[in-house]
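Where a number appears in this text, it was derived from the coordinates with a stated rule and is not lab data. Keep in mind it's a predicted model, so treat the numbers as computed, not measured. Because the Cβ atoms are built from the backbone with ideal geometry, glycine has one as well, and the counts that use them run over all protein chains shown.
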Amino acid sequence: MSALSQDELKSLVGRAALAYVVPGQLVGVGTGSTVNKFIDALASMKGEIPGAVSSSEASTARLRALGIPVLDANDVGELAVYIDGADEIDHHGHMIKGGGAALTREKIVAAQSTTFVCIADESKLVNTLGAFPVPVEVIPMAAQRISRQFAAMGGEARLRFKDGVPLVTDNGQHILDVRGLQIADPLAFESQVNQWPGVVTVGVFAHQRAQVCLLGTAAGVKTLTF
Ligand code: 5RP
């Protein structure tokens, strides 16, 4: 059998995540190319769930296009499960997220959910977070000061651009991508950066870590629990 492509691995874990959707209950939905596979698979269950709480305008549009109702997070209580991808995940379920610029709403929906199920291909599993540049959503007027704070800890922050202009998130803010960090203590790092004025959300998910990771591997879906 030939090796599965990264796209096929994403489809595999997207479909596997259906097993965590609780019939009769809302599901929290993340953002990204892996989650898009999950959303497509979720269409087969749309008669069994009242709908979803979404983490981005992009996921909302995809869910609605498939006939899956999207509810406002303020109108619902705690969710049983949140399904989302990651840019990196370590062996404790800590993640770097925000490659798709949706980190703030992702963290909000994750915090509202009892169980975070991460879906990822095996290239995302790392021993130490930080090879992937850490996304940080910031209030634009604070970007330079926050960049200097990262420089003081050995990181190089760059403003993310799209189509030649600074990317504007769903929340109307900017993203800094920070290279050169080795995040030995993700909980402490997240707590520290969260305190800096002008930081909206840091893309380290340690306080909102995953409890389960469905990892797409050449041998099939491997389930990690943390
Ligand atoms: C978006 C995210 C995504 O979950 C992360 O970037 C992974 O995306 P993909 O599944 O496309 O690799 O955090 O903000």
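Details
- Percent of Cα-Cα distances greater than 13 Å, calculated over the range 134-203: 62 percent
- Separation of the Ser44 and Leu187 label points, Cα + 7 Å toward Cβ, nm: 3.9 nm
- Dividing the convex hull volume of the alpha-carbon atoms in the range 1-84 by its residue count gives 87 Å³ per residue.
- Inter-label distance, nm, simple model (7 Å from Cα along the C-beta direction), Gln6/Glu122: 1.6 nm
- Quick note on the chain: its Rg to Rh ratio, both from C-alpha atoms and Rh being the Kirkwood radius, is 0.97.
- Computed over every Cα-Cα pair of the range 26-132 and binned at 5 Å starting from 0, the pair-distance distribution P(r) comes out as 2, 13, 25, 25, 19, 9, 5, 2, 0 percent.
- Label-reachable residues, the range 186-221, where backbone N falls under 16 Å from a point 7 Å from Thr115's Cα toward its Cβ: 209-215
- Note on the range 75-179: percent of Cα-Cα distances in each 5 Å bin, starting at 0 and stopping at the bin with the largest distance, equals 2, 12, 19, 20, 20, 15, 9, 3, 0.
- Test item: Cα-centred dipole of the chain, Lys/Arg +1 and Asp/Glu -1 on Cβ, debye: 200 debye
- Net length gained if the chain between His207 and Asn194 were fully extended (0.36 nm per residue, minus Cα distance): 3.5 nm
- Averaging the Cα positions of each part gives two centres, and for the range 44-80 and the range 100-179 these lie 24 Å apart.
- Helix-only CD estimate at 222 nm, as mean residue ellipticity for the chain, using -39500 (n - 2.57) per DSSP H run (n ≥ 4): -7500 deg cm²/dmol
- For the range 25-50, no residue has its backbone nitrogen under 15 Å from a point 7 Å from the Cα of Asp72, taken along Cα to Cβ.
- The residue list Ser44, Gln182, Leu63 was ranked by how far each Cα lies along the charge dipole of the chain toward its positive end, using unit charges on Cβ atoms, and Gln182 comes out on top.
- Ranking Pro135, Cys118, Gly93 by Cα position along the charge dipole of the range 93-168, where only Lys, Arg, Asp and Glu carry charges on their C-beta atoms, puts Pro135 farthest toward the positive end.
- Lysine pairs within the chain, Cα separation less than 20 Å, 8 or more sequence positions apart or different chains: 13
- Nitroxide proxy distance, nm - points 7 Å out along Cα→Cβ at Gln144 and Ala61: 3.4 nm
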